[in-house]
Amino acid sequence: MKIKSNYVGKGILALQVLLLILLGMDRMKSSESDQIRYSGDMLLFAQETENGPEVRRGENRIESTDQGKSRRIVAPSFVLRRGVYAVSVQYQTVTSSSSSVGCHSSAIYDGTHPWMRSESALLTDNGTNIEYFVYSFKNNTEVTIKNIMDDDFYDPVQIDQITITYLNGRSAVTDVIHLLLLFSAIDVILYFCLYHKQAMEMWLRKNGLIVIGLAALLFVVELPMTMNYLPKGYDLRFHYYRIYSIAEGLRDGFFPVKIQPEWFNGYGYATGIFYGDIFLYFPALLYLLGFPMGTAYKVYVLIINIITIGNAYLCFKTMTKDKYISLFGTVIYASFLHRLVAVYTRAALGAYTALAFAPLVMLGLWVIYYGNDKEYKKGWIYLVIGATGIIESHLLGTLMTILFAGIFMIISLRLTLRKKTSIALGKAAAGCLIANLFYVVPFLDTYKSMLMAVDDYKGNMPVYYNSAFLSQLFSSVYNAVADVKEDLYGMYQDMPMSVGPISGMVILAVICYLIFNRPKEKKENALLAKLLTMTILSLWMSTNLFPYMWLEEFCPLLYGGLKKFEFAWRFLGVASALITLMYVILIMRVKEVFNSKIVLVTGAVISMLFGYQGADYLFQYNNLMLPFEYEYNVRDLTVRAIYDGAYLPRGTDWQEMTTDIKVSDEESVNAVLEARKGTYIRILTENHSELEEYVDLPILYYKGYRAQSEGKELPVCAGINNRLRVAVPAGFCGTIKAFFAEPWYWRGAEAISLLFWCGLAGYSIIKRMRKRAG
C-alpha cells in the first residue's frame, strides 16, 4: 500500500510539474501581435459639443481652444490575449507636474464583464514618455487606449506615439504562481492522506476545533479584502505609493531603496531611511512580477492577518498551555476594534504591522520574567523578533513599546534586577540593536547630519484635541468610515476610538478577582495587578482626561516627548494588547479555582462577543467605505501621497519642485540632461567662465549623494530649495554623473544585521535537528 501511494504521489507531482512547464511555455511564446504601435496620424480626436459628437480622424492633439466635454485622443481598438501588457505613451504637454487634473491615459474595455483592468497615468511636463500596465484575464479581449482630458481644464496635449507590448515574463510568472498555489494546497492534502492519514486523523480529532476556529477568524477579519475592488483607507495613499516607489527603485537596479525615487516627480524622498520598510519589499516584488498593485496590497494584508493570528496563538499557548484559552485570546486580539480600524478605516500600515508582532514582545517578557527554565532560554529571541517587527514597521509603535515595557520593568523591579532576568534583557537589547543596525545607522546618521522638516512639524492640532472622550472608550456606536479628524472638538461622527463594551467587562472582572481573591494567592495575582495598572494608564493617556494641557504649560520637556505621538488615541493599541493579555491570564487563573468547563464556556462567550464586535465594525465598513480612487492610477500619487512631508529637508517647498536644471550663471554655464534612472542622473555640462560655478539638479539632496566626472569626485551640497547642487570647475566641459550611494558604514551595518539573522536562523535549525536526533 505504501509503495502504491509513493507511485501515486510521484505521478501527481510529475503531472503538476508538466502542467506548470506547459503553462509557462504558452505564456512565454511570442506572436506578431505582441507589440502594437500607433503613430500620431493613426489616432483620432473626439469631444462632445452642444451640436453633438465631434470626431477628427488623423488628429493627435487636444488644443486649448477645444471647449467640448470628454475631449479625448483615441487609438484604434486592438485585441489582447491573457496576460500583462505595458502601454508606453509618448506625448507633449505643459501641464504642471504638481497638477491633479489634466489628460489621463488608460486602456478602456467596453464589455459587460471586467475581463480587463488598466492602470491610469496623468500626462504632465515631468517627462515626454510614460508607461503603465494593463492586465487581461482572458484571450480575445478587445480594448482601446484613450487619453481623456478633464472637463474645464484647457492645457494642450499632443500624443506622438502609443506602444502596447505583451510582457511574456510577467504573464508567465503570474499564471504559474496562481497554478502553483493551487497545486500546493492539493499536495498538502494529498501528502497527509497518502502518507500520514492516521496521524492526520488523530491530530484533527485533538485540534480540529482550533483549526476551524482560527480559519473562521481569518475569514472574518479578511472580509474587506475579498471584494473585487480595494476599499479606501485614510493613510492608504501614502503606504500604497511607498510600495510602488520601492518596486520602481528595485526595477531601476537599486537595493535597498533608501531614497525612493518616484516621489515628487522624480526628486526622491527618504522614506526608506526614516520609515522602516523591509516588509514592503514583498508586495513590491509581487507588483514587479506582474500582479496588480491592489492585489499585492491585499496579499500583504492577508499575510499580516495570518502573522497576527499566528503570533497571538503562539503567545497565549506558551503562557497558558491550554489550546482553548489560546484560541479565545487570539480571537479577541485579532478582532479588537482598534486593530481592525488600523487595518481598514485608517489603512495605517505601519501601525497594524507593528500590532502583528506585539504578541511576541509580550511573550518574550513573560517568558523572561515568569517562564520556566526551558522557556526562559527562548525569551530573548522572542523579544528580538517581536521588537524587530515593530521597529521595522512603525517608529511611534516602537516608542510606545519601549515606554510600556520600561514601565513594566520598573514596577517589576525586584524581578528585573534578578540575575537571569537582567542577562536575558541584556541579550535581547543587544540582539535588537544588532538585528536592526541596517535601519538604525542610516536613520541616525541622516537625522543628525541634516535639518529635517520633521523637527519643525507641529502636528495637525495639539495632542489633547486628538484624544478620545471617556464616553467613547467603551462605546459600540461610531462611524466606521470617519476620518481621524472628523470632529476635533467633539465626538460627532468620529471614527471608532473604542476598546468596546466587552473590554469594560474584562477590566471589571479583573478588578473583582483581585479584590475578592484569597490573600494567599496575592503573589500569583501580582502580574494581573501590573497589567491592570498599565491598562488603566494606557486608556487614560488615550483620552482628553490626561493632563496634556497642564504638561504643555508646566512641564514642556515631558510634553515635548508625548506630543510626538500626535494622536493620543494611539495608546488604544497598547490597551488592546494589555486587555487581551489580562483576559487570558484571568481565565487561566479562574480555571484553577472553579469548574474548568464552566470557565471555558464563559471564556468562549466573551471571545465570541469580542468577535461579534469586530465583525459588526467590518460589516459597517464594507457597506459604507468607498473604493480606493488610486487603486489603478498609483502613478498619479507622486505629489498626492505626501501628507505632512516630514522626511523632506527643512525649508523645502515641494510645490516648487520643477523639472528643469538650474545653473549659477546662464551666460557661462550650460547643462543638458542626457539620461536619468531612479536616483541616477547624467548631464552634459559646460562652464565657460574662469570661476567655479554650479548646477542644481532636479533631485532632493540627502546625505549619500555623490557626483563624478571621469572618475573624479565633484563637491555636492544642498542648493536652491534643497536641490542637489554640484560644483562645476572652471573651464569644465564634459559629462557629470550624480547618484545616491550608501556610505561604507551603512553597508557594514547591513552586513552585520544580515550575519546576525543568518546566525540566529542557523542556530535554530541546528538546535531543532539535534532535538529530533536526540
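The values are calculated or read from the model by the stated rules, or taken from the named source; none is laboratory data. On a predicted model such as this, the values are computed, not experimentally measured, just so you know. Positions of Cβ are backbone-derived with ideal geometry, glycine not excepted, and every protein chain shown enters the neighbour counts. Protein only, heavy atoms only, side chains kept; ligands, DNA and RNA dropped before computing areas. Shrake-Rupley method; radii C 1.70, N 1.55, O 1.52, S 1.80 Å.
Details
- Here is what passes the span test in the chain: the DSSP H helices with alpha carbon length of 27 Å or more along the helix axis and a Kyte-Doolittle mean of -1.0 or above are 2-28, 168-195, 197-221, 293-320, 349-370, 373-391, 572-593, 596-624, 744-773.
- When Glu375, Glu656 are compared by accessible area at a 1.4 angstrom probe, the order from most to least is Glu656, Glu375.
- Sequence-distant residues sharing a close amide H with Ser467 (under 5 Å, placed H): Ala568
- Every helix of 4 or more DSSP H residues in the chain counts as -39500 (n - 2.57), and over all residues that averages to -16500 deg cm²/dmol at 222 nm.
- Accessible surface ranking that places the most exposed of Phe45, Phe238 first, with a 1.4 angstrom probe: Phe238, Phe45
- Under the shape rule built on the C-alpha gyration tensor, where the axes satisfy a ≥ b ≥ c, region 689-729 is oblate, since a/c reaches at least 1.5 while a/b does not exceed b/c.
- For Tyr478, the accessible surface of its heavy atoms amounts to roughly 40 Å² (probe 1.4 Å, protein chains only, rounded to the nearest 10).
- Heavy-atom accessible surface of Trp550, to the nearest 10 Å², is about 140 Å², with a 1.4 Å probe and all protein chains retained.
- Relative contact order computed over the chain (Cα-Cα under 8 Å; 6+ residues apart), in percent: 13
- At a probe radius of 1.4 angstrom, the accessible area of region 541-592 per residue rounds to 39 square angstrom.
- Farthest towards the positive end of the charge dipole of the chain, among the residues Val257, Gln47, Ile765, is the Cα of Ile765, using unit charges on the Cβ of Lys, Arg, Asp and Glu.
- Carbon/sulfur fraction of accessible area - the chain, other protein chains in place, 1.4 Å, %: 63
- Shape class for region 526-627: oblate, because the ratio a/c of the largest to smallest gyration tensor axis (alpha-carbon atoms, square roots of eigenvalues) is 1.5 or more and b/c is at least a/b.
- Partner lysines whose Cα lies under 17 Å from the Cα of Lys712, excluding those fewer than 8 positions away in the same chain, are identified as Lys737.
- Counting only Cβ charges, +1 for Lys and Arg and -1 for Asp and Glu, the dipole size of the chain around its Cα centre is about 5740 debye.
- Each residue was assigned an accessible area with a 1.4 Å probe, and for Arg747 the value is about 110 Å².
- Residue (of Tyr38, Ala424, Ala172) at the positive-pole extreme of the chain, dipole from beta-carbon charges: Ala424
- The magnitude of the dipole of region 318-425, with charges of +1 and -1 set on the Cβ of Lys/Arg and Asp/Glu and taken from the Cα centre, is near 320 debye.
- Dipole-positive endmost among Val716, Ile332, Ser596 within the chain (Cβ charges, Cα centre): Ser596
- Flagged links, alpha-carbon separation over 25 Å, of Lys232/Lys563; Lys378/Lys530; Lys197/Lys323; Lys323/Lys374; Lys323/Lys597; Lys448/Lys563: Lys232/Lys563
- With all protein chains in place and ligands, DNA and RNA left out, the 1.4 Å accessible area ranks Cys315, Cys733 as Cys733, Cys315, largest first.
- Remark: region 45-153 carries a charge dipole of roughly 580 debye about the Cα centre, counting +1 on each Lys and Arg Cβ and -1 on each Asp and Glu Cβ.
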